[in-house]
Amino acid sequence: MGKYSRLSLADREELSRGLSKGESLRQIARHLDRHPSTLSREVSRNALNAESYRAVSANGETAARREIRKRKLDQYPRLREYVFAKLELRWSPEQIAQVLRREFPGDKAMQISHESIYEYLYVLPRGELKKTLIKYLRQERKKRRERTGLKEQRGKIPEMISIEERPAEVADRSVPGHWEGDLLMGKDHRSALGTLVERKTRWVYLVPLKQKDALCVRKAFAKTITRLPKRLRRSMTYDQGKEMAEHKLFTKQTKVKVYFAHPGSPWERGTCENTNGLIRQFFPKGTDFSKVSLKEFRWVEGLLNGRPRKTLGFQTPKEVIGTLLR
């Protein structure tokens with residue numbers, strides 16, 4: 001039996017003639033050098049029974065089904081343009097699919113599953129388009145083991161307040177104004193970027209730093225936090241990095257109490273850890289943050305705050321925080 005290929009119109013005519021003569025599917029299959037199950041599926045798909053099978057109508061039905069199976073993003077240019085635009089904003093396929101449902105509830109031409117988006121991207125032929133689109137997808141980030149090791153070697157920060165003393169409202173995210181903070185290290189640990197994310201809304205601030213010592217970090221974080229309304233300034237959870245050694249002065253300036261997570265426990269600041277993974281899409285390891293412009297930091301910040309989040313019911317942080325500030 002030869003290599004598999006689709007049945008042609010001539011094959012279907014032979015099948016139709018054989019069935020009309022009363023030949024079995026096995027006999028016809030031998031004549032066509034086909035497997036009997038191939039002919040059996042052909043008949044069951046395109047006719048009520050063997051007697052009603054007709055080659056021309058079966059050929060048309062198969063062609064119609066093949067047309068339907070065309071990828072939806074190829075069939076609907078408006079949908080494709082929307083999906084590509086959101087991928088460029090670093091939205092995930094799931095985020096795109098969910099927001100499409102919300103924005104175009106009655107328009108089937110503007111609906112697609114996230115599985116279909118992934119499938120479309122991965123079956124694209126090799127080329128610049130595929131390379132560009134795949135680059136927009138979030139990559140699985142590695143665990144940042146090097147920071148844990150450093151923390152354990154640097155000793156304790158004076159007068160730390162443990163995360164165990166943090167109010168219950170922080171853990172259950174019932175009240176806005178509770179933040180998580182961190183530093184993303186740049187190339188050779190010579191530069192750094194401060195990150196602040198609000199636990200309830202997932203609102204993100206990128207905090208450029210001239211230096212990564214305790215004085216500069218305290219001043220930069222305080223400058224960012226004090227711009228917020230008082231009701232959005234309640235607490236911050238941080239790891240035990242020495243850059244937060246001036247936490248008492250920070251609290252005096254901002255009225256924001258700092259709670260410290262246990263060493264080697266990134267899950268205690270899971271919102272920040274997850275957000276750092278998103279930020280690394282734009283600033284991968286090895287980035288020299290001293291060479292990144294303020295305009296670029298603000299652009300990335302805007303993309304993150306305008307990105308729908310599953311945990312927010314596919315609303316954006318901008319939408320959620322906007323509602324709270326009304």
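The values are calculated or read from the model by the stated rules, or taken from the named source; none is laboratory data. These figures come from a predicted structure and were not determined experimentally. Neighbour counts run over all protein chains shown; Cβ positions are idealised from the backbone, glycine included.
Quick notes on this one:
- Selection within the range 216-241 - hydroxyl-bearing (Ser, Thr, Tyr) and surrounded by fewer than 20 Cβ atoms within 10 Å (Cβ to Cβ): Thr224, Thr226
- Subset of the range 103-122 that is under 20 Å from Gly306 (Cα atoms) and at pLDDT 90 or above - its residue that is surrounded by the most Cβ atoms within 10 Å (Cβ to Cβ): Phe104
- Only one of Trp267, Trp299 that is closer than 16 Å to Val204 by Cα, of a type in the set (Phe, Trp, Tyr) and free of Cβ contacts under 8 Å to residues at least 24 places away in the same chain: Trp299
- Looking only at residues of the range 286-304 that are more than 23 Å from Leu87 (Cβ to Cβ) and among the polar types (S, T, N, Q), we find that the one that is farthest from the chain's Cα centre (by Cα) is Ser290.
- Gln253 being more than 30 Å from the chain's Cα centre (by Cα) and either at pLDDT 95 or above or not in a strand (DSSP E or B) (or both): yes
- The lone criterion from (1) surrounded by 19 or more Cβ atoms within 10 Å (Cβ to Cβ); (2) assigned to a helix (DSSP H, G or I) left unmet by Gly322 is number (1).
- Flag if Phe289 is buried (at least 16 other Cβ atoms within 10 Å of the Cβ) and within 24 Å of Lys187 (Cβ to Cβ): yes
- Scanning the range 92-111 for residues being closer than 16 Å to Tyr76 by Cβ and either assigned to a loop (DSSP other than H, G, I, E, B) or among the small types (Gly, Ala, Ser) (or both) gives a total of 6.
- 2 or more residues among the acidic types (Asp, Glu) and either at pLDDT below 90 or in contact with a helix residue (DSSP H, G or I) (Cβ under 9 Å, 6 or more places away or on another chain) (or both): qualifying strands (runs of 3 or more DSSP E) within the range 142-237: 178-185
- When the test is whether a residue is buried (at least 20 other Cβ atoms within 10 Å of the Cβ), of a type outside the set (A, V, I, L, M), over 19 Å from the mean Cα position of the chain (by Cα) and in a helix (DSSP H, G or I), Glu268 does not pass it.
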